[in-house]
1. Using helices alone, I'd like the mean residue ellipticity at 222 nm for the chain: each DSSP H run of four-plus residues gives -39500 (n - 2.57), total over residue count, nearest 500.
2. Cross-link list 95/261; 59/228; 208/278; 59/190: which exceed 32 angstrom alpha carbon to alpha carbon?
3. Counting only protein heavy atoms and using a 1.4 Å probe, what share of the accessible area of the chain belongs to carbon plus sulfur, as a whole percent?
4. Averaged per residue, what accessible area in Å² does region 3-277 show with a 1.4 Å probe, protein chains only?
5. Rounded to the nearest 10 degrees, what's the angle between the helix 197-206 long axis and the longest principal axis of the chain, both from Cα atoms, 0 to 90?
6. Cα centroids of region 158-231 and region 1-65: how far apart, whole angstrom?
7. Region 1-89: Rg/Rh from Cα coordinates, Kirkwood Rh?
8. Kirkwood hydrodynamic radius (Cα pairs, Å) of the chain?
Amino acid sequence: MQTVTLNNGVTMPILGFGVYQIPAERTEQAVSEALATGYRLLDTAAAYGNEKAVGHAIKNSGIPREELFVTTKLWVQDAPAQDNTRRALEASLAKLGLDHVDLYLMHQPYGDVYGQWRAMETANREGLARAIGVANFHPDRLLDLVLNNEIAPAVDQIETHPFFQRGPDHDLMREQGVQHQSWGGFAEGKNDLFTHPVLSGIGTAHGKSVAQVVLRWLIQRSIVTIPKSVDPGRMAQNFDVFDFALTDDQMTRIAALDTGKTLFFDHHDPEMVAWLSKRRLDG
Ligand code: NAP
């Protein structure tokens, strides 16, 4: 598996498996199938409600812990943020049945971000999280965090797909040594992504599917990607993207599909900020 090296020397697979919107009762089977397919990077979150099931699949797989790269995420915490962040991480580890995660991400750029980040720094120093990072941080907030803390985020996981390519975010991350990770790489199929004529045409030229073209495009931009699927055939297809390469011309044709706009959440929209900031997880 191709890997990337994070700013603290930790290596991370460039392709993994995401479990957002997989119901808890379906997750153990899906993760077991993904591990059997060969995926070693798993991406979950406290907010997905399926950490326990991910943990069961890991345990039952028999795969040595050091061969896996497990990410989970911190939801927005009430004050005091440092204590509550520590408790949230311990709760996630207990659900996963692990003594550390490989990457712990702050899920949203809201609440007492600095208090949350300080607790994450402590967890990183103590080895509870081999790397720490953020999700959904736009360049202004990401740079602020990088410049004003001891430990810079290793990763920023942001919506990134052919219709929202995040060029300026990507450039800033590269400049600051932060690894760009895509969520929603297929835009969850929005905008008819899976039948898009440009992507389909490129796929036909390589004997590959649109999904494979999109993953290849992300990987060739050095972006870590975590496609979600509950279907073993599609899991295998999404894993089979290392035996072909897009040409410069094909990369340019995909670059032309960028609209520069989110298809999901606008993290600058006050209504969205209020909704995400106020949300609390049960238990
Ligand atoms: P996604 O990966 O863009 O799309 C998933 C959808 O594509 C599912 O409907 C899946 O259906 C379908 N699909 C998968 N492979 C396919 C293929 N080869 N051909 C046709 N359809 C295919 O969506 P996502 O789950 O939102 O994003 C991926 C991961 O990113 C998540 O699971 C999560 O780990 C992470 N994420 C993070 C955030 C954040 O705020 N940090 C937000 C969203 C997501 P089937 O399952 O039926 O195959």
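1. Details: 11 runs with 119 residues, N = 283.
The helix contribution divided over the chain gives -12500 deg cm²/dmol.
2. On the way: 95/261 36 Å; 59/228 21 Å; 208/278 43 Å; 59/190 35 Å.
The pairs that break the limit, which is 32 Å between Cα atoms, are 95/261; 208/278; 59/190.
3. 50
4. Result: 41 Å² of accessible area for each residue.
5. That helix lies at roughly 70 degrees to the long axis.
6. 19
7. Details: Rg = 14.2 Å, Rh = 14.1 Å.
Here Rg/Rh amounts to 1.01.
8. Values: mean 1/r = 0.0523 Å⁻¹.
This gives a value of 19.1 Å.
The values are calculated or read from the model by the stated rules, or taken from the named source; none is laboratory data. It should be emphasised that the depicted structure is a prediction, and the values quoted were computed from it without experimental measurement. Heads up: the accessible areas ignore ligands, DNA and RNA and are worked out on the full protein's heavy atoms, side chains in. Shrake-Rupley method; radii C 1.70, N 1.55, O 1.52, S 1.80 Å.
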